[in-house]
1. I'm trying to understand the selection: among the residues of the range 104-128, which are out of contact with any Asp or Glu (no Cβ under 9 Å at 6 or more places or on another chain) and under 15 Å from Gly13 (Cα atoms)?
2. Just one of Gly13, Gly55, Gly85, Gly51 is at pLDDT below 95, of a type in the set (Gly, Ala, Ser) and touching a Leu at 6+ places or on another chain (Cβ under 8 Å); which is it?
3. Could you tell me whether any residue of the range 112-119 is surrounded by 15 or more Cβ atoms within 10 Å (Cβ to Cβ) and among the charged types (D, E, K, R)?
4. Looking at the range 1-17, which of its residues are farther than 11 Å from Ile65 by Cβ and buried (at least 16 other Cβ atoms within 10 Å of the Cβ)?
5. Taking the condition out of contact with any strand residue (DSSP E or B) (no Cβ under 7 Å at 6 or more places or on another chain) and in a loop (DSSP other than H, G, I, E, B), does Ile114 pass?
6. What number of residues in the range 61-79 are hydrophobic (A, V, I, L, M, F, W, C) and surrounded by fewer than 19 Cβ atoms within 10 Å (Cβ to Cβ)?
7. Residue pairs, Cβ under 7 Å, 6 or more apart or interchain, first in the range 18-47 and closer than 20 Å to Gly103 by Cα, second among the small types (Gly, Ala, Ser) and part of a helix (DSSP H, G or I). List them.
8. Please specify each residue of the range 68-111 satisfying the condition of being out of contact with any strand residue (DSSP E or B) (no Cβ under 9 Å at 6 or more places or on another chain) and among the acidic types (Asp, Glu).
Amino acid sequence: MSQYTIPCAVYRGGTSRGLFFHERDLPSSFREQSHIFLNGIDAYNPSQVDGLGSGTSHTSKVVVIGASDIEGVDVNYTFYQIGIGKEIVDGKGTCGNLMAAAGAFAVDEGYVEIPEDKVEVKVTIYNTNINRILNITVPIKKEKQGYQEIMQCLDLYERGQNTR
């Protein structure tokens with residue numbers, strides 16, 4: 001198999017960290033996507049030393065973000081828990097920590113328009129794992145979102161202020 005590049009970003013939300021991919025950059029086949037996710041995390045190795053996981057369930061996670069066709073929704077969010085030392089790509093659950101980080105990713109990657117005078121923006125996310133629409137408020141700075149902004153989003157999310 002030849003090498004190829006697929007861009008991703010690493011985001012942290014709360015105690016979770018994951019690889020974030022644009023849906024548009026991934027092959028349409030789930031089998032091929034799984035191969036990318038398993039290798040990106042290094043799921044085959046319990047220590048995940050050759051990937052971006054770190055051998056814990058908190059850091060063996062993948063998120064796929066794509067533009068949504070649902071009216072009023074900014075992005076679709078799909079979460080995958082990746083195995084540790086096992087070839088597992090599980091999309092049956094979800095991760096609230098990384099859902100909060102998905103708001104910052106959506107802002108950083110231009111999925112959401114930011115009015116010039118705003119200090120925060122609402123990101124509407126469709127969670128494909130649980131078939132729910134959620135609103136997340138993301139603080140805005142002129143530079144890219146970072147750790148502090150994600151933690152603020154998570155704090156609001158955990159207190160239930162942005163999950164309506």
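The values are calculated or read from the model by the stated rules, or taken from the named source; none is laboratory data. None of these values were measured; they are calculated from a predicted model. Positions of Cβ are generated from backbone atoms using ideal geometry, with glycine treated the same way; all protein chains shown enter the neighbour counts.
1. Answer for the range 104-128, where residues must be out of contact with any Asp or Glu (no Cβ under 9 Å at 6 or more places or on another chain) and under 15 Å from Gly13 (Cα atoms): Phe105, Asp108.
2. Gly13
3. no
4. Across the range 1-17, the qualifying residues are Arg12, Gly13, Gly14, Ser16, Arg17.
5. no
6. So the count comes out to 3.
7. Cβ pairs passing all conditions: Leu19/Gly40.
8. Passing the criteria: Glu71, Glu87.
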